[in-house]
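Down below is the structure, laid out as structure tokens.
FYI, it's all coordinate maths here, none of it is from the lab. Bear in mind that the values here come from a model prediction, so they are computed numbers and not experimental data. No Cβ is skipped: glycine too gets one built from the backbone with ideal geometry, and neighbour counts run over all protein chains shown.
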Amino acid sequence: MTMRTRTLGTTGPQVSALGLGCMGMSALYGDADRAESVATIHAALEAGVTLLDTGDFYAMGHNEMLIGEALRTAPAARREQALVSVKFGALRDPDGNWSGYDGRPDAVKNFAAYSLQRLGVDHIDVYRIARLDAAVPIEETVGAITELIEKGYVRHVGLSEVGAETIRRAAATAPIADLQIEYSLISRGVEQEILPTTRELGISLTAYGVLSRGLISGHFSRDRQLAANDFRAHSPRFQGDNLRHNLNLVDALRKIAEQKGVSVAQIAIAWVLSRGEDIVPLVGARTRERLAESLGALDVTLDEADLAAVEEAVPADAAAGDRYPAEQMTKLDSER
Ligand SMILES: NC(=O)c1ccc[n+]([C@@H]2O[C@H](COP(=O)([O-])OP(=O)(O)OC[C@H]3O[C@@H](n4cnc5c(N)ncnc54)[C@H](OP(=O)(O)O)[C@@H]3O)[C@@H](O)[C@H]2O)c1
């Protein structure tokens, strides 16, 4: 199989058209199987996926060490093609509570030093603060990443969940490869101001939550029990009437999927892929089975009639509930 590629920004790297988001292998979606996680990363690399996404705060370094193990045990040719995108800046305590973000230049370099060790690599391919630190101008945070680039420890600057004004300020400081932000059939806020801005500035999107954290994957059910530490147990979209409403949207999508002989997840991923060559969906598969399903989306072509049917099944503002709990919504520069 030949993997399609896309380029991140005007100066960024060429990456596989689908990236693998590794977060769920360590945190936020309940228990994951370590051996299966490593096997999934290996299978992704074998299929030609070159972009692996993580955050240093995903189970406090666990996710980076997992990726490090997968890279160490992968065939050399695959390891050499892999690009690792890392988010930093989230502050947590031993109980896992979140207490803010730190984008001070010294902190950025400190975070990077630990990440390089945990990943077992000599450079990070794309480095970004997970959320804007409101107390530190973005120019200073990006400036620190630029210093790391000059020293060879980082290759490219990325952004995460920031709005148009911050994107412009960051892009005036250094070339930006990509903005990582939630984008899916039911999270389309980015289309209003953010996507036109990234397009104007030649910045790509790495889209996460393409399956809305499993909600629109076709595999989520109304009666699924979630552990207390599962993000979805607290996500407005997964609660009561909201969940019922959102799963009705999935049922409408399922009809289109069935007509095309593909799965719901494949339609949802293919729709994001169809939004433009500047968009790279990060799929959160944590098993080889889910990965294979996700990769199948690369073979799904949505023609004009399909796209119209999808729009009708899931109109732009159809979702019930915000994409984050209220307190976390306030941390999103992208939602201001
Ligand atoms: N920048 C940011 O603020 C930010 C925020 C969140 C995530 N991210 C990054 O984006 C990546 C992707 O986000 P996400 O994990 O929330 O995305 P997602 O792909 O929308 O959701 C992944 C979840 O969907 C379920 N799923 C069902 N069918 C699937 C299939 N065929 N392929 C993949 N998943 C399927 C999986 O649950 P089951 O395993 O239970 O089936 C999995 O836990 C993360 O891993 C992380 O690297 C970034």
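So if I place +1 on the C-beta of Lys and Arg and -1 on the C-beta of Asp and Glu, and nothing else carries charge, what would the dipole magnitude of region 5-335 be about its Cα centre? I want it in debye, nearest 20.
The dipole magnitude comes to about 520 debye.
Sorting Arg232, Arg128 on the 10 Å Cβ count, fewest up front, what's the list?
Arg232, Arg128
Based on alpha-carbon atoms only, what is the radius of gyration of region 211-323 relative to the globular estimate 2.2 N^0.38 Å?
Taking N as the residue count of region 211-323, the ratio is 1.05.
Once you have all Cα-Cα distances for region 95-216, histogram them in 10 Å bins from zero and send the whole-percent values.
Distribution as computed: 13, 41, 35, 12, 0 percent.
I'd like to compare 72-85, 168-181: which one has the highest average count of other Cβ atoms within 10 Å, and what's the full order after that?
Details: 72-85: 15.7, 168-181: 22.0.
Top of the packing list down: 168-181, 72-85.
In degrees from 0 to 90, rounded to the nearest 10, what is the angle of the helix 240-260 Cα long axis to the longest principal axis of the chain?
70 degrees
Expressed as cubic angstrom per residue, what is the convex hull volume of the alpha carbon set of region 5-335?
Taking the convex hull of the Cα positions in region 5-335, it is 122 Å³ per residue.
Tell me the relative contact order for region 5-335 as a rounded percent, counting alpha carbon contacts under 8 Å between residues six or more apart. Please list the in-between numbers first.
Details: 628 pairs, mean separation 67.7, N = 331.
Result for region 5-335 is 20 percent.
If you line up the long axis of helix 304-313 against the longest principal axis of the chain, both from Cα atoms, how many degrees apart are they, to the nearest 10?
Once rounded, one gets 80 degrees.
Fully extended, how many nm does the chain gain between Glu191 and Lys260 (0.36 nm per residue separation, minus their Cα-Cα distance)?
Numbers: separation 69, 0.36 × 69 = 24.84 nm, distance 2.65 nm.
That pair, Glu191 and Lys260, stretches by 22.2 nm at full extension.
Tell me, what HN-Hα J-couplings in whole Hz come from the Karplus equation 6.51 cos²θ - 1.76 cosθ + 1.60 at θ = phi - 60° for each residue of region 133-146, using x for Gly and Pro?
Once θ is set to phi - 60°, the couplings for region 133-146 become 8, 4, 8, 10, x, 4, 4, 6, 5, 5, x, 5, 5, 4 Hz.
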